[in-house]
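Enquirer: Sending over a structure as structure tokens; questions will come in a sec.
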Amino acid sequence: MSPANQFYEFVRDDEVIGLAAATNVRPRLDCNIHIVMFDRRLRGREKVMLDALRDFALRAKLRRITAVLPEDNKTAIKLALRLGFMHEGTMRKAHLRDGIYRDFLIFGILGEELFDLNRDAGGFEEAGGDGVDIRGDVRPGDDVLQEPHLHSEDEVLHGEPDGDSPVRQPELRAEGGDSGSPV
């Protein structure tokens, strides 16, 4: 099993009634969440789902959780909204089902929003997600070349001074020798 994935089983009376999967887990940042209940009953189970989401967030110290849902899955969209997810964007025509291209809707919830939904669940501070910049500046001063002998990317690549250099088409040669190496 990939360390970039985490799974939960929802169990009632020794019977698995659903699964939650966090995929593409990027610790201290994000994951994609997938929830399925085998009996298709979602209403009334939000608390156990939120508990699983909170546990995912704490274990991986996640800053946010993302759900990507097809536009025609109204049940999942309503569940995401009830869980506190917010619509963040749309991937147009990114899903093909039954010969029809459909949009994907992207929903997200931040760690502080996830824990704020139920005040007795503790705080996101435990996961280090307070949003405070702990590193500080990488380099003091303006983000410009500090040494006069260093040339900008535009100057090196295109022979032009900084800014708005024309994009030149690479010279193509036979045999795929467009990398600059002799053929």
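Throughout, read-outs are computed from the coordinates displayed, never taken from laboratory work. Just so it is clear, the structure is predicted and the values come from calculations on it, not from any experiment. We place every Cβ from the backbone using ideal geometry, glycine too, and count neighbours over all the protein chains shown.
Enquirer: Name the single residue that is surrounded by the most Cβ atoms within 10 Å (Cβ to Cβ) among those in segment 16-27 being in a strand (DSSP E or B) and touching a helix residue (DSSP H, G or I) at 6+ places or on another chain (Cβ under 9 Å). Break it down stepwise before answering.
Expert: Keep residues of segment 16-27 that are in a strand (DSSP E or B), which gives 16-26.
Add one more test, that the residue is touching a helix residue (DSSP H, G or I) at 6+ places or on another chain (Cβ under 9 Å), and what stays is 18, 20, 22, 25-26.
Details: 18: 21, 20: 21, 22: 25, 25: 21, 26: 12.
Only one residue fits best here, namely 22.
Enquirer: Another question, if that's okay. Identify all residues within segment 96-118 that are more than 18 Å from the chain's Cα centre (by Cα) and either among the acidic types (Asp, Glu) or at negative phi (or both); write none if there are none. Full working, then the answer.
Expert: The initial filter retains those residues of segment 96-118 that are more than 18 Å from the chain's Cα centre (by Cα), namely 96-102, 115-118.
If the condition is that a residue be more than 18 Å from the chain's Cα centre (by Cα) and either among the acidic types (Asp, Glu) or at negative phi (or both), then 96, 97, 98, 100, 101, 102, 115, 116, 117, 118 are the ones that fit.
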